[in-house]
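FYI, it's all coordinate maths here, none of it is from the lab. If you're wondering where the values come from, they're calculated on a predicted model, not measured in any experiment. Every residue, glycine among them, receives a Cβ derived from its backbone with ideal geometry; neighbour counts consider all protein chains shown.
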Amino acid sequence: RAKAAGGNRFEIADADSNARVIARHSLTNGLPSALEKGEFFIEYQPLVRLTDGTVRGAEALVRWLHPLHGVLGPDQFIPLAEDTGLIVPLGRWVLEQAARQAREWRDAAEDDASLRVNVNLSPCQLSHPKLVADTVAVLEDAGLCPSALCLEVTENDLIGADETALRPLRQLADLGVDIALDDFGTGYSNLSYLRRLPVSTLKLDRSFTRGMQRAPADPVDVKIVEGIVSLAHTLDLAVTVEGVETAVQAEHLRGLGCDTAQGWYYARPGPPERLHTLALADAN
Ligand code: C2E
Ligand code: MG
Ligand code: MG
Ligand code: MG
């Protein structure tokens with residue numbers, strides 16, 4: 001019986017991995033034409049300043065409205081887009097859309113010319129020879145100053161990058177583009193390495209803030225966040241916290257000196273018009 005059960009489990013696991021292979025195959029096939037067919041869209045998630053609760057901007061998060069599978073999240077297709085090279089045109093498209101969107105928010109807000117847009121960069125984009133030229137062109141086309149843009153790169157994608165590999169990011173930073181280190185704390189963080197990176201913001205991964213969703217907060221998580229905030233501020237870096245889901249958490253993180261927060265407690269990722277409403281609500 002044990003053997004039969006074992007056999008069964010094996011079959012289930014096998015069927016499961018077959019389904020995954022087929023799904024991966026079907027997604028890979030549809031990917032090259034998805035961009036021209038207009039199947040991608042972007043949701044925006046507000047970034048909120050913790051001291052006063054005002055909306056400072058939003059992160060652009062790409063989705064794929066697949067004709068068969070419905071809405072797919074980036075975790076389901078970004079790795080495929082990286083493998084197939086589509087990430088470069090897709091990433092550029094996201095950047096163009098986001099820049100145009102930021103222009104619209106700024107025009108609509110009038111008195112608030114400080115709304116920013118955050119865009120995620122994948123490793124292929126980072127090493128692409130036209131990253132700087134393309135980014136500058138996109139900003140110019142949108143009539144947006146560099147400081148209206150924040151590019152997010154993950155800690156893992158920068159590990160091992162030498163000065164030559166970092167040069168494009170440094171050039172963008174020198175132009176005034178904000179560079180954020182995404183999912184900070186999940187990779188191997190050689191802290192002295194931080195000083196050499198052209199980043200101005202640390203985005204603390206949500207694994208560190210999960211233990212603060214309800215009181216009492218996990219004391220170890222509190223100590224870790226405290227330490228990171230103090231280190232970041234010593235290095236003149238701002239701290240953004242991801243995955244803030246409760247009021248208790250938001251209050252705690254504000255108390256710990258985190259600068260900006262993002263999470264379901266404030267808003268889920270949504271259509272661009274919604275940010276507009278949130279930001280205007282602040283102004284009143
Ligand atoms: P990320 O940049 O770390 O983005 C944050 C992720 O956390 C998003 O997932 C967001 O929806 C989710 N999130 C936000 N608030 C909360 C919360 O309170 N609780 C929980 N549980 N989750 C929250 P999403 O949209 O599925 O994106 C996943 C990842 O895909 C992103 O992680 C980013 O690395 C990547 N990504 C998204 N858009 C792009 C893109 O245009 N280009 C590239 N290269 N990568 C992208
Ligand atoms: Mg991000
Ligand atoms: Mg992140
Ligand atoms: Mg993340």
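Spin-label pair Asn18-Leu278: with each label point 7 Å from Cα along the Cα-Cβ axis, the two points sit 4.4 nm from one another. For region 60-109, the relative contact order works out to 25 percent when only alpha carbon pairs closer than 8 Å and six or more residues apart are counted. For the pair Ser127/Glu96, report the inter-label distance in nm, with labels modelled 7 Å from Cα in the Cβ direction. Going from the Ser127 label point to the Glu96 one covers 2.6 nm. Of the trypsin sites (Lys or Arg not before Pro) in region 199-260, the ones in a loop by DSSP (not H, G, I, E or B) with at most 12 other beta carbons within 10 Å are Arg214. Of the chymotrypsin sites (Phe, Trp or Tyr not before Pro) found in region 117-206, those that fall in a DSSP loop while having at most 11 other beta-carbon atoms within 10 Å are Tyr188.
In loop segments of region 11-113 as defined by DSSP, the trypsin sites (Lys or Arg not before Pro) with at most 13 further C-beta atoms inside 10 Å of their C-beta are Lys37. Measuring between their Cα centroids, region 14-61 and region 225-275 lie 22 Å from each other. Summarised in one figure, the compactness ratio Rg/Rh of region 151-231, Cα atoms and Kirkwood Rh, is 1.04. For region 249-262, backbone phi angles converted through the Karplus equation (6.51, -1.76, 1.60; θ = phi - 60°) give residue-by-residue couplings of 4, 4, 5, 4, 5, 5, x, 7, x, 5, 8, 10, 9, 9 Hz, Gly and Pro being listed as x. Radius of gyration (Cα atoms) of region 164-284, expressed as a multiple of 2.2 N^0.38 Å: 1.16. Note: relative contact order over the chain, using C-alpha pairs below 8 Å and six or more positions apart, is 18 percent.
Projected label points at Arg195 and Glu104, each 7 Å from Cα along the beta carbon direction, are separated by 4.5 nanometres. Taken one residue at a time, the phi angles of region 224-238 give Karplus couplings (6.51, -1.76, 1.60, θ = phi - 60°) of 5, 5, 3, x, 5, 4, 5, 4, 4, 5, 4, 8, 6, 9, 7 Hz. Gly and Pro are set to x.
As a rough guide to protection, the peptides 240-253, 131-144 ranked by mean Cβ packing within 10 Å, highest first, stand as 240-253, 131-144. In order along region 168-182, phi translates into HN-Hα couplings of x, 4, 5, 4, 5, 4, 5, 6, x, 6, 7, 10, 10, 8, 7 Hz, rounded to whole numbers, per the Karplus curve 6.51 cos²θ - 1.76 cosθ + 1.60 with θ = phi - 60° and x for Gly and Pro. Start at zero, step by 10 Å, and the Cα-Cα distances of the chain spread as 6, 26, 32, 24, 9, 3, 1, 0 percent across the bins. Distance distribution note for region 60-184: the fraction of Cα pairs above 18 angstrom is 54%.
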